[in-house]
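The values are calculated or read from the model by the stated rules, or taken from the named source; none is laboratory data. Since this is a predicted model, take the numbers as computed values, not measurements. A quick note on method: Cβ atoms are made from the backbone with ideal geometry, for glycine too, and the neighbour counts reach across all protein chains shown. To get the accessible areas, we keep the full protein, side chains included, count just its heavy atoms, and leave off ligands, DNA and RNA. Shrake-Rupley method; radii C 1.70, N 1.55, O 1.52, S 1.80 Å.
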Amino acid sequence: MPAVDKLLLEEALQDSPQTRSLLSVFEEDAGTLTDYTNQLLQAMQRVFGAQNEMCLATQQLSKQLLAYEKQNFALGKGDEEVISTLHYFSEVVDKLNVLHTELAKQLADAMVLPIVQFREKDLTEVSTLKELFGLASSEHDLSMAKYSRLPKKKENEKVKTEVVKEVAAARRKQHLASLQYYSALNALQYRKRMAMMEPMIGFAHGQINFFKKGAEMFSRSMDSFLSSVADMVQSIEVELEAEAEKTRISQQELLSVDESVYTPDFDVAAPQVNRNLIQKAGYLNLRNKTGLVTTTWERLYFFTQGGNLMCQPRGAVAGGLIQDLDNCSVMAVDCEDRRYCFQITTPSGKPGIILQAESRKENEEWICAINNISRQIYLTDNPEAVAIKLNQKALQAVTPFTSFGKKQESSCLSQNLKNSETENDKIVPKATVSIPEAEELIAPGTPIQFDIVLPATEFLDQNRGSRRINPFGETEDESFPEAEDSLLQQMFIVRFLGSMAVKTDSTTEVIYEAMRQVLAARAIHNIFRMTESHLMVTSQTLSLNLPVSHSLLLIKKIKDWLALSPEFQSPQEKSLSARTFLKATQKAKRYVMLLIWEKKLLRFKRIQKHWLN
């Protein structure tokens, strides 16, 4: 006999949409079989009870046997032999139509009873297990929803423990119910074949034994045929017994797993996170806005396909596109006092969907996988190797590397030497400066601010119409002439990369080290958005403004800034002339990072609410 389709018991615990979709096919097949069994039983009961209308009853039976081929079973693989056998039985019934007189006792024992047992025992068992499986799935969904709403407060540890135990018990109950339900559906594919043929064997024997004439007419041709059919049924029964034993052993092995399989967030202290994933699949909670201030969370199955994030609800045949992950960014966020939430941001900087993972491990693996996909690693020949290599480079990028500062210092010294040779007739020798270590300049783990954000109090001040306070500690001197009164002025468009607190500001190495850490953090977290500002250089002042809100970020006397730069230190230049101004504007782009990272900005302690570690 050809092999039949089966539900894999190993996939019962995961309960993925693919498994549910295949399960619906088996359930549809069981429903079709139930309908057909009821119809076949009605036909047999009509044969049994209609002694006076035997001819009509056998004709209906013959038609019903032929109808098996037209039932369009979803799992009809391997039914060709059954169909051909039923076709032959239909011909026999037509030939015996004129010979039936009474079949009460023999038909009741050999034809009606087996199909009744199949309907009452096998089909009823499948229907009962389906209801139990539905109840177990509903309990599991309710317990997971309750678990997902757990707050992060430590004083709720007792409630958390109870909810975790409830989730584990519900998951175990669902696993047991699904194993029993899947096994019954698999066994039904074998019993279906036997149930369709055993009654007809009894019917045929009853006809031969009951009618002598019928026995004389069909005994020679029917004996060999019935023998072959009996052998076929016996072979199916042997396969069923072997499959039942295999199923029992498989159930024992699957139920003997460790408790950590049922317990969510089992290894929260030290999860084993795989940061080199280029594809990921699993259940997540999706945040949906239902109103201006109201939201709902829906537990759905998500998976990545190429550079896309897909979502597939239960019962759906295929998944739908949720988010294009190419060049996007992802970060952990705090949302509605829920744990393990992260948000995906589009390449344009627009906030995207917010998702919640089941555990800390799942949360970190989803973030790493989306980061890897956003870099389009999946398009390479060996994406796994590329992901490992990029993650190793990212770890090296956040490791202090003092040679970067040394290279910058040497290049600055050589450039300063060339400038001094062209501007001055004599060269002043410089003493060798020892380069400090990175830990001496910036404390390890110092947070980084990637955007210039006004504090809430300053927004309130602006709404009241008062003057904005300079966040860098600078105040605009009323004695400074306005820009329109200055004869010499030039504006540059600059972009803010980031800021962080430092230990010292007496050396230029701290600027290079801060720049290195900010650029490395942007590369690791895929942060490409930068705040655009206007740098205005006049003969008196240097100012930094936001073009949208016209907020003053920095104002500095140009003499103080020139004194900060060793290239502009000259005893002969006591006042700023047109030549010095041109020199300042030519060096403005080169020293724009130095301006943003100067002493008072480096001491700026206002930190954005969310930090990217």
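Counting heavy atoms of the protein chains only and a 1.4 Å probe, report the per residue accessible area for the stretch 329-396 as a whole number of Å².
Working: 3190 Å² over 68 residues.
Heavy-atom accessible area per residue stands at 47 Å².
Roughly to the nearest percent, how much of the accessible area of the stretch 17-218 is carbon and sulfur, given a 1.4 Å probe?
52
Please compute the modelled spin-label separation between L292 and L321, points set 7 Å along Cα→Cβ, answer in nm with one decimal.
Output for this residue pair reads 3.4 nm.
Please go through the residue pairs K105/K192; K158/K280; K246/K361; K160/K246 and name each one whose alpha carbons sit more than 27 Å apart in this structure. Before the final figure, lay out the partial values.
Values: K105/K192 25 Å; K158/K280 32 Å; K246/K361 34 Å; K160/K246 39 Å.
Violating the 27 Å Cα-Cα cut-off are K158/K280; K246/K361; K160/K246.
Under the 0.36 nm per residue contour assumption, what length would be gained going from the current alpha-carbon distance of Q39 and S227 to full extension? Present the calculation step by step, with values, prior to reporting the outcome.
Numbers: separation 188, 0.36 × 188 = 67.68 nm, distance 2.68 nm.
That works out to 65.0 nm of additional length.
Give me a comma-separated list of calculated 3J(HN,Hα) values for the stretch 105-116, in order, Karplus coefficients 6.51, -1.76, 1.60 applied at θ = phi - 60°, integers in Hz, x for any Gly or Pro.
My calculation for the stretch 105-116 gives 6, 5, 5, 5, 7, 9, 10, 6, 4, x, 6, 5 Hz in order.
Determine Rg/Rh for the stretch 151-204; Rg is computed over alpha-carbon atoms and Rh is the Kirkwood hydrodynamic estimate from the same atoms.
Working: Rg = 22.9 Å, Rh = 15.0 Å.
Taking Rh as the inverse mean 1/r over Cα pairs, Rg/Rh reads 1.53.
On average over all directions, what projected area in square nanometres does the stretch 17-218 have, based on the convex hull of its Cα atoms?
Working: hull surface 53.2 nm².
Approximately 13.3 nm², given one-decimal rounding.
Can you give the FRET efficiency for A269 and E157, using 1/(1 + (r/R0)^6), R0 = 22 Å, r = Cβ-Cβ distance, to the nearest 0.05? Mind dumping the intermediate values first?
Numbers: r = 14 Å, r/R0 = 0.64.
So, using R0 = 22 Å, E works out to roughly 0.95.
Taking +1 at the Cβ of each Lys and Arg and -1 at the Cβ of each Asp and Glu, which of L150, Q39, V98 sits farthest along the dipole of the stretch 17-218 towards its positive end, judged by Cα position relative to the Cα centre?
Comparing the listed Cα positions along the dipole, L150 ranks first.
Karplus couplings for the stretch 221-230 from phi (6.51 cos²θ - 1.76 cosθ + 1.60, θ = phi - 60°), rounded to Hz, Gly and Pro as x?
Karplus-based 3J(HN,Hα) across the stretch 221-230 equals 6, 7, 4, 5, 5, 5, 5, 5, 5, 5 Hz.
Taking 2.2 N^0.38 Å as the expected size of a compact globular protein, what ratio does the Cα radius of gyration of the stretch 252-311 give against it, to two decimals? The partial results should precede the final answer.
Details: Rg = 16.3 Å, N = 60, 2.2 N^0.38 = 10.4 Å.
Normalised Rg, Cα atoms only: 1.56.
Sorted by packing (mean other beta-carbon atoms within 10 Å per residue), highest first, where do 304-310, 294-300 land?
Numbers: 304-310: 17.9, 294-300: 13.9.
Those peptides, ordered most packed to least, come out 304-310, 294-300.
Using the Kirkwood radius built from alpha carbon pairs, what does the Stokes-Einstein equation give as D for the stretch 281-393 at 37 °C and 0.692 mPa s, in µm² per second?
Working: Rh = 14.8 Å.
D, rounded to a whole number, is 221 µm²/s.
So, with a 1.4 angstrom probe, what is the percent of accessible area on the stretch 222-296 that is carbon and sulfur?
Details: 2410 of 4520 Å².
Its accessible area is 53 percent carbon and sulfur atoms.
Given a 1.4 angstrom probe, what's the average accessible area per residue across the stretch 17-218, in square angstrom? Display every interim value, and only then the final one.
Working: 9680 Å² over 202 residues.
That works out to 48 Å² per residue.
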